[in-house]
1. In Å², and per residue, what accessible area does chain A have when probed at 1.4 Å with the other protein chains present?
2. What nm value, rounded to one decimal, do you get for the distance between B:R121 and C:M1 when each label is placed 7 Å out toward the C-beta?
3. Give the average over all directions of the projected area of the C-alpha convex hull of the range C:85-152, one decimal, in nm².
4. For the pair B and A, how large is the buried accessible area, both sides, in square angstrom to the nearest 100, if the probe is 1.4 Å?
5. Could you compute how much accessible surface C:W127 exposes when probed at 1.4 Å, giving the result in Å² to the nearest 10?
6. Determine the relative contact order of chain A: mean sequence separation of Cα pairs under 8 Å and six or more apart, normalised by residue count, in whole percent.
7. What average count of beta carbons from other chains do you get within 10 Å of the Cβ of residues in A:714-724?
8. If the cut-off is 25 Å between C-alpha atoms, which lysines fall inside it for B:K76, apart from same-chain ones fewer than 8 positions away?
Amino acid sequence: MANKVFGKPIKRKEDPAFIQGAAPFVADIHLPGMAHMEILRSPHAHARIRSIDTSEAAKMPGVLKVITGHDLVGRMKPLPCVWIPGGVESHFPLHPQDIPGAGMPLQTDHVRFIGDGVAAVVAETRYQAMDALRAIRVDYEVLPAVTTPEAALAENAPQLHDSVPGNLNAYWTCGDSASTDAAIADAEVVVELDLLNQRTINSPIEPRGALATFDPVTDEFVLYASTQSPHNHRLILCYYVLNISLNKLRIIAPNVGGSFGTKGYVYPDMPLVLFMARELKRPIKWQDSRQGYMRSTVQGRDHKQRAVLAGTRDGKITALRCTSHANLGAYPSTIGPGVATAMMGRSITGPYAIPAAFCEVYAAFTNTVPLGAQRGSGRSEATFMTERLVDLFAAEIGMDPAEVRRRNFVQPGDMPYDNGLGWLYDSGDYPELLERALRQAGYADLPALKEEAKARGRRLGVGLASFVAVSGVGPSPRMAKEGMLGGTWEAASIRCEPTGDVVATIGSKPHGQSHDTVFAQIISERLGVAVDRISIRHSDTMGTPFGQGSYGSRSFSMAGPALYLTCDKILQKACLAAAHKLNASPDEMVFENGRFYVDGQMDRGITLLETTLALWYAWDIPDGVEPCLEATTFWDAPDFNYPSGAQIALVEVDPETGEVELKRFIAVSDVGVIGNPMVMEGQLHGGIVHGLGQALFEQAIYDDDGNLISDTLERYALPKAAGLPHFELDFVTSPTPHNPLGAKGAGEIGTVGATAAVGNALCDALREYGVRHIDMPFTPEKVWRAIHPHGG
Amino acid sequence: MIVSPGAVVPLTPDPNTHIKIAVDTPMKRFYEEHVTLLDRRDFETLVRTHYHEDARIVSTEYLVNGHAELFKHFAKYTGLMDYLKVVSTDKWIESEATFAFEATARTQWGLTRVHDAFWLRDGRIIRHFTGSIPLVRFVR
Amino acid sequence: MRVTFTVNHQSHTLDLEPRVLLVDVLRDHLHLTGVKIGCDTGQCGACVVLMDGVSVKSCALLGVQADGSSITTIEGVSEKGTMNPLQTAFQAAHAVQCGFCTPGMIMSLTDLLARSAQPSEAEIRAWLAGNLCRCTGYENVVRAVNAALQVAGSPAHLVTETPLRKFYDSHLRAMLAGDVDALVDAHYSADAVLTTFEGVISGRDALKTYFRDYLSVHTDLVIAATERFVEFGDSIYTETVVRSARGVTHAYNAFVVQDGRVTHQFAGVK
């Protein structure tokens, strides 16, 4: 039977509150008696702290408390790191519980990046707290800094952590080095490329914030925080950092203003506001500024790759090899090291059947802001590299780039396909994705358009990107092998109320993904209850089941199935009660349109609401059946899911100025089954623009001393509305067999191909100038210099 | 009130208790004809004979102005009709050129109190206000 | 410094430290937290409000600079619980994801639509240069503006102060002041018809009698909330929560206003 609600573009339930400015974010919460905390951060990327003098600050108007790292010794432990490079030896800062550490919330003697905290002030107002920061005197002995992994790994490089010799966190590999090298040695054609997948700053529009309360009567804390993983952060804060009972901390993550990978980490401010709330017995709020955000919240990408692709003259790729230096920053972020290794390394073969592949990653600590995930993390870096190589290979053998791709795609009939690096692709039709994109682009007509552009003094380039983006983190046993120190299942509960309302509680937490609406659509479809009568509760550790949170395109394909399967449990129980009421056997029952009836006797039925009521009254229910209608599911997927796509960018370059204009962008995506196409398109739009930002505008720039030059939005360019084309979207649907919805991750796939599509288009446009490669971002200056290598 | 387990009546009232209005005044006749045309989906006749060329419908859900928009509106309204059943007409008032009523209706969201007010010019509707209040309010 | 200004039609006199930013005054002093702070340096536009009808970044102004001005924030562009056509279009076009930039976007676009009746897509995109969004890729924001223009028919619907709005406010004020003569003479045409379920009242004299009776029973009358306010051409539809000595009632009213006077009114209570 056709779906009525699921798969329909219904309007979002969460929108009116946002649109009227009535939806609270952390910064919007005011509590009686609330005081404000500010953190003093190191102005140096690398220094010894000789002394800190807080005496003047403590006397400033309104100041309630000033602390340094010394005040935390013995009262707080370092933050932990819970995703380490899997299967290899790795070195970390220490943690007393024998897990990897990530540094104390405030440093006592050694600062390692420009955001490292050295003191914290609480005052009656935020302005007073900021005034007091300026009165704190810190005597630093500045040390030499390293900002790139290569420099950090060099002999005699400055050392960041005593427990990490040579600054090497891990040397991680996947694939078969020997067979890959042999294939490259034997190859007819070899193309090599050095790439810098530049460091970026995720830049959600809401900076982070944290607000803690402490009740001295019950010893209970509440933490309001802009986090995308409230349950995990509660566990980490209680067990690894503050040494308090899990039952004493409740985390509420109110509305979160975007994250893109930055708000899934435990940051120093969280234990600090909790500490201060307990010390002062008042609510304590910390709200970051944009500059503070850019200097202390995790950043993304930052892989220096040396890549080699080998193949035959007739276009068959025979080997792919990558050596990457990943820049972890000064400390491991909560899940940073795992992101920098597996998510990139295992993804380099993309949609292609490549007989021999190998990837090695040197993950190193440097005096920069810690590295974390950014939308499409790992997969975007892998795709940019491989897709650039495929185009260079096509140019080398004189074949159309589309044809080279066709000759190497994993075919739909090959599924499930083992890529040899650790991913087992579930389903997909990579050739169809590309053919549709080519048709939409009018690929055959593009040479004529290029001529036309040239006649206007401009150069038109077309760039293809085909990709696979592992999503839906993930099967827990598998993630254990990848170095994840914890389960990665997801949880959901559903309760049918006697009034006909349904409430679902989930561990997953939205920050723009539309949980309230799309999850209600799943339940509505399964239970026949109107979407408006279904409430999705989340974001509060009190009253929701433990869940891992929203990251890695996992909410819909992990929390979604948990809800779907919970509906099964609800219907199974309701069926027993319905059969009892109808004096029928449960085997004879049919459930349709929110109503059970006896098979073949449509008029002999009972609605789910009536059944729910009967279970609620519990005056006459079957033996062995408990009252009320409520169920919970903990869902661990059997494997990841593998969304895929083909994207085509058309860019026009002005050779006089180096300006790159994006003319068209086509994205054909396979995200499996879609819950709400309107929301899906929105995810694609945002994802694509995220990739376009990296391709055209964004770069975190550090000077040699480790100062972050691009630390405001004046100096870090984000994409704006002007200059973006209308996005041409299309979908191919290959349901994943790995969950009952058939849904794959979607939040990141717009991003994953976009840098490669634009990069390939730009290099295509500049072909006549002999330009082989340009590193992102493709600023006019860089493009102009590539066109004019000897100057104007 | 004693509620027996099978008595789900407070939550799902009997759909067959639609109370018809006795046809005894010009406005009631007009309204009865209005409902009949709606039920028949005869929007062509409805718009032409019951709405003035400059008629407007004003509600919190939609704003409709003139015959062209009215035709479009009622075409869309067909879908809604499947979900909307009047259970009872609770209040009625009319004057020479106006009438208004309140009724209880059943929609996909449950029981709803609807109210409609009409101002007629030359025997056709020139302004039509309509609103509804769910009997049970659902807070998100 | 002592500063007096109007925010969302409400007058405020505050004693402000000269260095305090306008955005902090709105958020921390007046608790209008629909105004957001995203960047502190004037790029992101999450803090945009209207000052005397013109969009400004409230993080780039001091509170004292607002002295004597009239400010509109997101909280003032529609009655609580309702959305104006631009807001409605934001939902319909899925122009909102995380929702943090949304209030600033709406305020900027309200200014644009007050200036330009039919902005082109390029104009809309250029205007949004001062509003950053990291979720939507802007595509659906542009769609929403276009949809709002079509739905509303005229950008005038997007502006908070409309003639009908002012008329309604004036009507309410007279009613709450208990000034029945001003209420009826200044707001109702000579042959106005008020249709209620208690009866139909025609003409000014009958209306005055009706309102006097009503006010004598409903002493201490207060409009506790305006839950809905819709205007369309010459018509107004409202749903309000009314509190008086008789208790709390939910009322709905519909008005047809021609030549500045009510010709027909319908009233009911829930």
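The values are calculated or read from the model by the stated rules, or taken from the named source; none is laboratory data. Predicted model only: the values in this text are computed from it and were never measured. Don't worry about glycine lacking a Cβ; one is built from the backbone with ideal geometry, like all the others, and counts go over all protein chains shown. Each accessible area value is taken on the protein alone, full model and side chains, heavy atoms only, with ligands, DNA and RNA left out. Shrake-Rupley method; radii C 1.70, N 1.55, O 1.52, S 1.80 Å.
1. 33 Å²
2. 5.4 nm
3. 3.8 nm²
4. 1200 Å²
5. 80 Å²
6. Relative contact order of chain A: 15 percent.
7. Shielding by partners across A:714-724 averages 6.
8. A:K4, A:K8, A:K11, A:K13, B:K85
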